[in-house]
Amino acid sequence: MNKNIFLIDKDTKENLGNIDFIPKREDRMIITRSWKRLEYKVKCIVHCPDENGVIVFVELSDNYYDKIIENIKWK
């Protein structure tokens with residue numbers, strides 16, 4: 001059984017896309033939107049069994065971890 005997992009910006013009510021996992025509350029995600037890397041924090045997860053889906057509400061956060069990731073020296 002496939003579940004649809006929708007990522008929704010809590011403030012703008014915009015669908016940011018689908019993801020293939022269910023994150024935990026307070027997890028952070030870096031998403032590329034319009035050539036910008038934006039960091040979001042998970043605020044709420046709502047299971048919708050009637051639609052066989054999950055809605056993950058996120059809020060825009062400061063790019064703290066994105067800046068750290070940019071400076072990693074990958075070998």
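The values are calculated or read from the model by the stated rules, or taken from the named source; none is laboratory data. Just so it is clear, the structure is predicted and the values come from calculations on it, not from any experiment. FYI the Cβ positions are ideal-geometry reconstructions off the backbone, even for glycines, and counts take in every protein chain you see. Just the protein is used for accessible areas: all its heavy atoms, side chains included, with ligands, DNA and RNA removed. Shrake-Rupley method; radii C 1.70, N 1.55, O 1.52, S 1.80 Å.
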Can you pull out every residue in region 66-75 that is open to solvent by less than 100 Å² (accessible area, probe 1.4 Å) and either of a type outside the set (A, V, I, L, M) or in contact with an Asp or Glu (Cβ under 7 Å, 6 or more places away or on another chain) (or both)?
Asp66
Could you look through region 24-36, keep only residues that are among the basic types (Lys, Arg), out of contact with any Asp or Glu (no Cβ under 8 Å at 6 or more places or on another chain) and surrounded by 10 or more Cβ atoms within 10 Å (Cβ to Cβ), and pick out the one that is modelled with the highest pLDDT?
Arg25
Looking at region 24-40, which of its residues are hydroxyl-bearing (Ser, Thr, Tyr), assigned to a strand (DSSP E or B) and farther than 14 Å from Tyr65 by Cβ?
Thr32
Qualifying residues in region 46-65 (those that are touching a Lys or Arg at 6+ places or on another chain (Cβ under 7 Å) and part of a strand (DSSP E or B)) - the one surrounded by the fewest Cβ atoms within 10 Å (Cβ to Cβ):
Glu59
Pairs, first within 20 Å of Asn15 (Cα to Cα) in region 54-75, second among the charged types (D, E, K, R) and modelled with pLDDT under 85, C-beta under 9 Å, six or more apart
Val54/Lys3
Quick check: is even one residue across region 9-23 farther than 28 Å from Ile68 by Cβ and either part of a loop (DSSP other than H, G, I, E, B) or in contact (Cβ under 8 Å) with a residue 40 or more places away in the chain (or both)?
yes
Of the residues that sit in region 37-70 and are among the polar types (S, T, N, Q) and under 18 Å from Pro23 (Cα atoms), which one is modelled with the lowest pLDDT?
Asn52
Does Lys10 satisfy the criteria of being open to solvent by 50 Å² or more (accessible area, probe 1.4 Å) and in contact with a Cys (Cβ under 9 Å, 6 or more places away or on another chain)?
yes
